[in-house]
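Colleague: First the structure, which I've put down as structure tokens, then a few questions once you've had a look.
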Ligand code: DX5
Ligand code: ZN
């Protein structure tokens, strides 16, 4: 599976969002990571389906990776599917019926995924592995960009990689939180194939330079 760089638009300039997304894609990003927060499941409030729809209308054709940090999830999933989401991932704690929510995402034509907070066990995958297209491991406690990578994510990535490889399913392993040019190499070595980076990319003036450096680090 090819490695994908997924800039988190949480750290973009929201006043110029369309332009920011165009620029980061031109700079070599593969997918757009779209953080949805509700000031309830996490202590912050961000963007919803309207903004996803606006990006599609603006002309963004790259996959949009919607990370739901909201509770409940079922009510908003159809809205995001309609707004052009490609992936929709949610935290198992935020759904009473994890199997149903995953199935709903796929039935609507999107790719589904489960997100694991640093302290959330991977055992949630046990009975739904055939219903996930993506496993997203948080390497920070969700809610804010710009936090430091928690090293406990590395053994957890190795564990998730093992689960995926043993399953034989086509499942992406995404990492989110504190990813930068200095740690992306060991994160890849631990088994990740999809790398979210917010502040590391949007915090620098030259997005292409950062993304090129990330790829160079991964190739080492
Ligand atoms: C955190 C979000 C992340 C965040 C990553 O709750 O899910 O996607 O934007 O930002 P950085 O890369 O700055 O840690
Ligand atoms: Zn995220």
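Colleague: Among the residues in the range 127-135, are any in contact (Cβ under 8 Å) with a residue 60 or more places away in the chain, away from ligand 2 (no atom under 15 Å from the Cβ) and in contact with a helix residue (DSSP H, G or I) (Cβ under 9 Å, 6 or more places away or on another chain)?
Modeller: Step one: filter the range 127-135 for residues in contact (Cβ under 8 Å) with a residue 60 or more places away in the chain, giving 134.
Retained after the next criterion (residues that are away from ligand 2 (no atom under 15 Å from the Cβ)): none.
No, the range 127-135 contains no residue that is in contact (Cβ under 8 Å) with a residue 60 or more places away in the chain, away from ligand 2 (no atom under 15 Å from the Cβ) and in contact with a helix residue (DSSP H, G or I) (Cβ under 9 Å, 6 or more places away or on another chain).
Colleague: Restricting attention to the range 31-40, which residues are over 9 Å from residue 143 (Cα atoms), touching a strand residue (DSSP E or B) at 6+ places or on another chain (Cβ under 9 Å) and more than 8 Å from ligand 1 (Cβ to nearest atom)?
Modeller: Passing the criteria: 31, 32, 34, 36, 38.
Colleague: Collect the residues in the range 138-159 that are under 16 Å from residue 115 (Cα atoms) and touching a residue at least 40 places away in the same chain (Cβ under 8 Å), keeping them in residue-number order.
Modeller: 139, 142, 143, 144, 156
FYI, it's all coordinate maths here, none of it is from the lab. As the structure is a computational prediction, the values presented were derived from the model and not from experiment. Cβ coordinates were reconstructed from backbone atoms using ideal geometry, including for glycine residues, and neighbour counts include every protein chain displayed.
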